[in-house]
Amino acid sequence: MEGNGLDGKVLQTFQKSFVQVQNILDQNRLLINEINQNHESKIPDNLTRNVGLIRELNNNIIKVVDLYSDLSSNFSKSIDVNSSEGDSRSDGKGVQKRTRPG
């Protein structure tokens with residue numbers, strides 16, 4: 001039953017990461033709306049403020065990419081762990097795993 005504990009832990013990690021991604025994407029939506037409003041206003045101070053907002057938006061995008069990269073890596077590792085646990089069958093013959101070309 002260790003696999004169930006591992007699966008639960010993996011799912012919890014995935015859920016936490018997806019919540020973080022969603023929060024950042026929600027923040028990005030607000031930033032984009034403000035950037036658009038500032039751009040449409042053509043007020044110099046608002047246009048100057050957009051520089052910082054666009055930097056923040058860019059940093060948020062980098063965070064989302066990093067989170068998705070971590071999610072992908074963690075997912076691959078969990079698949080490897082789960083598949084290696086099921087590599088041996090009751091008849092004593094191992095199950096051959098396919099490998100992806102590097």
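Each reported figure results from applying straightforward, stated rules to the coordinates on display, with no laboratory input. Everything quoted here is computed from the prediction, not taken from an experiment. Note: ideal-geometry Cβ built from the backbone for every residue, glycine included; neighbour counts use all protein chains shown.
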Cα atoms only, region 1-64: Rg and Dmax in Å?
18.1, 63
What does the net charge come to around VAL19 if you take all other residues with beta carbon closer than 14 Å to its beta carbon, with K and R at +1 and D and E at -1?
0
Excluding ASN74 itself, what net charge comes from residues whose Cβ is under 12 Å from its Cβ, given Lys and Arg +1 and Asp and Glu -1?
+1
